[in-house]
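Report on one structure; see the data block that follows.
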Amino acid sequence: MKTIISAIVLLFLFITPDFYGQEFGVVAGLTESGKVKVRWFSSEEFNDEGVVLFRREKNQNEWTKLTQEPIKKIEKVSPDIADTSLAIASSIIYNIPDNSEDRETYELILLTKGILDDKFSLAYGMQYNDENIVEGKTYEYKVVMIKDSKENLSAVSEPVKIDKYSASAAPDKLNAFAKDGIVNFNWERDENRFFVYNIYRGENQNSRKTLINNTPIHVFEFPDSAGNYHTNEFFYSDTGLTNGVTYYYELTGTDYLGRESKRSATIAVTPKDLTPPPAPTKVRATAIKNDVQITWKSIYVKDLKGFNIFRSRDFKGPYNKINKTLIDKSDTSYVDKIASPEERYYYYLTAEDNSSNKSQSLSTIAQIPDWEAPAKPVNLKALGEVGLVKLSWKKGTEKDLLGYFIYRSVTNTEDEFVLLNPKPVNAVSYVDTLKKESRNYFQYKIVAVDKKYNLSPYSDVVNVKLKDLTPPPAPKLVNADLTDNYILLQWVSSTVEDIAGHFVYRSAKDDSSKWNQLNKIQLNKETDTYKDSMMAGGIYFYCVISIDSAGNKSVRSNILSAEYFINTTFPAVEGFTQKLSKNKNEVSLSWSQIKGDNLLGYVVFRKENESDNFDNAISPLQKENTFVDKDISLGKTFYYIVKAFDTKGNISESKSAKLEVK
């Protein structure tokens, strides 16, 4: 609450650009009664010495004093005086709560009364009505606060032209959302124009609309868990409405001088019944020869219209409606005459009311006796992994399929297949866990079973072996030499047959436990060289690992070092700047362009840990001296550097930059 009140006070002071950053502000404007209303606002409670008011015509230097005595808030009066509005104002002004939470509510009431109630605003000493005005002239008003009997803070209003009064335009984009007996509203919030809002309702398009909100509608912003401020989805709800009746609404806004805007365009909204009837219960489906009788119980409600019945041969659907016309609301049974032997049928009912709202019952099943065995399972496949075998097969088409039994053997002898699952597996896959060290072949077959425990023929047998876990030998790194503008690495690969390729690693320290992988894509086994470029000058250390066809990686090879030299005559990248976007979802990077015909281009690098090397290039080689990084996240810190490359192999770089995304 305190945050909201502070925001309102600041908003008063920022109504015009001249008030920005001030502790005291003033607004003035022409009213419907033909006078100029002047109000002033302070970030602190008004002191007892009051203010003095001045006026001048626009473009004149001299100010004319309008009040001979300071304007002050009223003295405290007895609650029994005849002027009840004065007694109420005195009670509000001087009965200041001690409790901090009550004090916050009190301040919001004080502000609202001061803006919406002219009598209260005058009593509080924050308003002056200027009636001595001339049509066609333009005035400015200055309010000076008195402190210690001296003129202290002052503020000047925006110019006010004396002309025929016209109310301001209505708020924009009034939206209404009809629900069950309720209409929710929101609109385009304009805190620079309006302090509060009112909604009016009528029974037809052209009738006079009546105010429906008992108190003015404030539209506040509240912080979410990330500290971002948002309004509620809806600003006002009109409740207790009759479904099916059309209502007509208009919206107005009230500004900081208490002036109400024009009314918005009228919108028509019709609440409707969205409450479905109770769903049918105790739904039963009983097979009688080739027919199925469906029975149910229903709960009577006044607007119940009838029932529909849906049928499927699969529990998951799709379901099709089987009755041609809506079943009468008094009926509790129905006979389906198209059932076939050896089939299973699933049914559910929907209840429908006069507003077309529907509710659905639970599904039920009707089983027709079945003695036919499932078909032989097909497409049995086995995949060997580390310590396990993954089996998969094509699901049978039988509607009454219960599942599958899985068998395993190590000799492929009919009498030596072992049943793995005592209960049928109701799936099309199975995982068999074995010892990781097993190197022999295993044989598998499966059989399908239906819900009457009719067994299918065995599937074809599949053979499988567990996945290899033995890593390949490490390669031998034989050369790491500087050549032109890159370091050329050469190695000798192992001679084992299942070598699939290699990965190259680089480190800035020979004893570093953190190596940076240079090739994102695995080098094929025939490749025995790698060119490393696009790095800062210095000594670098390299190693290579092998990977086999099973994905096992070798230990690191021996380590070789090489020194990379940079031509220092190539100009450094200067003027490197970073700018975070307003919505904090991207960073714009720019730097000074290096002149000359030898420039090959620039590459932007990024890292998230200060101790890491700049090994991650986030841009292609480009001639442009700008780049936008769109892959950022709140709560993270990023470090950037730009490297420039010329046609002679020289590299220069910018200073590194740190950016925290908050």
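Summarise the long-distance tail of P(r) for the range 141-185 by giving the % of C-alpha pairs beyond 13 Å. It would help to have the intermediate numbers written out before the result.
Values: 754 of 990 pairs.
Roughly 76 percent, rounded to a whole number.
Over the range 281-367, what is the relative contact order in percent, taking alpha-carbon pairs closer than 8 angstrom and at least six residues apart? List each step's numbers first, then the result.
On the way: 178 pairs, mean separation 31.8, N = 87.
RCO, the range 281-367: 36 percent.
At 37 °C and 0.692 mPa s, what whole-number value in µm²/s does Stokes-Einstein give for the translational diffusion of the range 281-367, with Rh from the Kirkwood sum over Cα pairs? Result for D is 249 µm²/s.
The spacing between the range 65-83 and the range 302-317, judged by their C-alpha centroids, is 74 Å.
Cα convex hull, the chain: 340 Å³ per residue, rounded to a whole number.
Suppose we look only past 12 Å in the calculated P(r) of the range 264-310. What percent of the Cα-Cα pairs does that tail hold? Mind dumping the intermediate values first?
Details: 811 of 1081 pairs.
Pairs farther apart than 12 Å: 75 percent.
Could you calculate the FRET efficiency of THR84 with LYS636 from 1/(1 + (r/R0)^6), where r is the beta carbon distance between them and R0 is 41 Å, rounded to 0.05? Walk me through the intermediate numbers first.
On the way: r = 61 Å, r/R0 = 1.49.
Here the calculated transfer efficiency is 0.10.
The residues packed around THR252, meaning those with a beta-carbon under 15 Å from its beta-carbon, carry a net charge of +2 if Lys and Arg are +1 and Asp and Glu are -1.
Placing unit charges on each Cβ (+1 for Lys and Arg, -1 for Asp and Glu) gives the chain a dipole about its Cα centre, and among ILE327, SER507, PRO457 the Cα reaching farthest toward its positive end belongs to PRO457.
What net charge do the residues around LYS137 carry, taking every other residue with its C-beta under 12 Å from that of LYS137, with Lys and Arg at +1 and Asp and Glu at -1? All intermediate terms of the calculation are to be shown ahead of the outcome.
On the way: positive: ARG55, ARG56, LYS58, LYS161; negative: GLU57, ASP130, GLU135, GLU140, ASP163.
Residues near LYS137 contribute -1 overall.
Between the range 398-428 and the range 96-155, the C-alpha centres lie 87 angstrom from each other.
Cα-based Rg of the range 219-313 per 2.2 N^0.38 Å, rounded to two decimals?
Working: Rg = 25.3 Å, N = 95, 2.2 N^0.38 = 12.4 Å.
After normalising by residue count via 2.2 N^0.38 Å, the value is 2.04.
Counting lysine pairs in the range 65-184 whose alpha carbons fall under 22 angstrom apart, excluding pairs fewer than 8 residues apart on the same chain, gives 24. Panel note: the C-alpha atoms of the range 520-662, placed on their principal axes, show extents of 48, 39, 24 Å (largest first).
Percent of C-alpha pairs per 10 Å bin in the range 175-269, short distances first: 15, 45, 30, 9, 1.
If you model the range 303-424 as an ellipsoid using its alpha carbon gyration tensor, with each semi-axis the square root of five times an eigenvalue, the axes come out at 45, 17, 11 Å, biggest first.
Of the two radii for the range 376-496, the radius of gyration is 1.31 times the Kirkwood radius, both from the alpha carbons; that is the Rg over Rh value. Per the Debye formula with a single identical scatterer at each Cα and no solvent contribution, what log10 I(q)/I(0) holds for the range 577-660 at q = 0.13, 0.21 Å⁻¹? Ignoring solvent entirely, the Cα scatterers give -0.41, -0.98. Averaging the Cα positions of each part gives two centres, and for the range 182-211 and the range 590-656 these lie 54 Å apart. Residues of the range 420-439 with backbone nitrogen within less than 17 Å of a virtual label 7 Å along the Cα-to-Cβ line of GLN367, please, listed as ranges. Zone members listed by number: 424-426. Once the Cα atoms are used to define both axes, helix 100-116 deviates from the longest principal axis of the chain by about 60 degrees.
Once the chain from ARG56 to ASN463 is taken as fully extended at 0.36 nm per residue, the excess over their C-alpha distance is 136.4 nm.
Couplings 3J(HN,Hα) of the range 236-245, computed from phi: 7, 10, 9, 10, x, 8, 9, 4, x, 9 Hz, in residue order, whole Hz [Karplus 6.51 cos²θ - 1.76 cosθ + 1.60, θ = phi - 60°; x for Gly and Pro]. What does the C-alpha gyration tensor say about the overall shape of the range 130-238? Classify as rounded when a/c is under 1.5, otherwise prolate if a/b is larger than b/c, or oblate. Oblate, since a/c reaches 1.5 and b/c is not below a/b.
Sorting the Cα pairs of the range 112-181 by distance into bins of 5 Å, from 0 upward, gives 3, 10, 12, 15, 19, 15, 8, 6, 4, 4, 3, 1, 0 percent per bin.
By the rule of a C-alpha distance below 12 Å, with chain neighbours fewer than 8 residues away ignored, the aspartates and glutamates paired with LYS321 are ASP336. The modelled label-to-label distance between ASP180 and LYS305, using points 7 Å beyond Cα along the C-beta direction, is 1.7 nm. Quick one: angle between helix 84-94 and the longest Cα principal axis of the chain, in degrees between 0 and 90, rounded to 10, please. Here the helix axis deviates by roughly 60 degrees.
Please report how many Lys pairs in the range 476-564 have alpha carbons closer than 18 angstrom, counting only residues at least 8 apart along the chain or sitting on separate chains. The partial results should precede the final answer.
Details: LYS476/LYS525; LYS476/LYS531; LYS476/LYS553; LYS514/LYS553; LYS520/LYS531; LYS520/LYS553; LYS525/LYS553.
Close lysine pairs under the 18 Å cut-off: 7.
Net length available on complete extension from GLU131 to GLU624 is 171.0 nm, with 0.36 nm assigned per residue and the Cα-Cα distance removed.
Report the full-extension gain for the segment THR67 to ASP148: residue separation times 0.36 nm, less the Cα-Cα distance, to one decimal in nm.
Using 0.36 nm per residue and subtracting the Cα-Cα distance, I get 27.3 nm.
Axis of helix 2-13 versus longest Cα principal axis of the chain: the two differ by about 50°, to the nearest ten degrees.
Each value in this text was obtained by applying a stated rule to the coordinates, not by laboratory testing. Since the structure is predicted, the reported quantities are computational estimates derived from the model, not experimental observations. Neighbour counts run over all protein chains shown; Cβ positions are idealised from the backbone, glycine included.
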